[in-house]
1. Count neighbours as other Cβ atoms within 10 Å of each site's Cβ, and list the GluC sites (Glu not before Pro) in the stretch 12-103 that are DSSP loop with at most 14 such neighbours.
2. Which whole-number value in Å² is the accessible area per residue of the chain, probe 1.4 Å?
3. Working from the pairwise distances between different alpha carbons, so that the mean of 1/r is found and then inverted, what is the chain's Kirkwood radius in Å?
4. Nearest 10 degrees, 0 to 90: what angle lies between the long axis of helix 85-99 and the longest principal axis of the chain (Cα atoms)?
5. In whole percent, how big is the carbon plus sulfur part of the accessible area of the chain, probe 1.4 Å, protein atoms only?
Amino acid sequence: MLPLKSYAGSAGDDALGLAMADSLIRRFRATGAVIVRPEARGADALLEGSVHRAGGRLQVRVRLLRAGDGRTLWKESFDVPASEALTIENAVFDAVAHRLRLK
């Protein structure tokens, strides 16, 4: 899991992306089905993404990549009102967990 980066270069968006990644890491570890590593070495897949706030909206894009060759296995975009950051975090977790067949 990599921090969700801001594609606008906003410090606030970078902080939000780091907080979301941190929360997602804790949630994936709690499943017991995913081993979360601090680096890509030895990983099967990487989750990367970006976060952006604009016009009262929060947009998050995530991609699940095969670690060996960087091939995109899955990608999705989420767009909600900025006040619903927790909703988007839950949606990202649920979508990735479904893709990894954790549920």
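1. Taking the stretch 12-103 and a limit of 14 other Cβ atoms within 10 Å, the loop GluC sites (Glu not before Pro) found are E39.
2. About 59 Å² of surface per residue is accessible.
3. It is 13.8 Å.
4. Helix 85-99 sits roughly 30 degrees off the main axis of the chain.
5. 51 percent
The values are calculated or read from the model by the stated rules, or taken from the named source; none is laboratory data. These figures come from a predicted structure and were not determined experimentally. Note that each Cβ is placed from the backbone with ideal geometry, even for glycine, and that neighbours are counted across all protein chains shown. All accessible areas refer to the heavy atoms of the entire protein, side chains included, with ligands and DNA or RNA removed. Shrake-Rupley method; radii C 1.70, N 1.55, O 1.52, S 1.80 Å.
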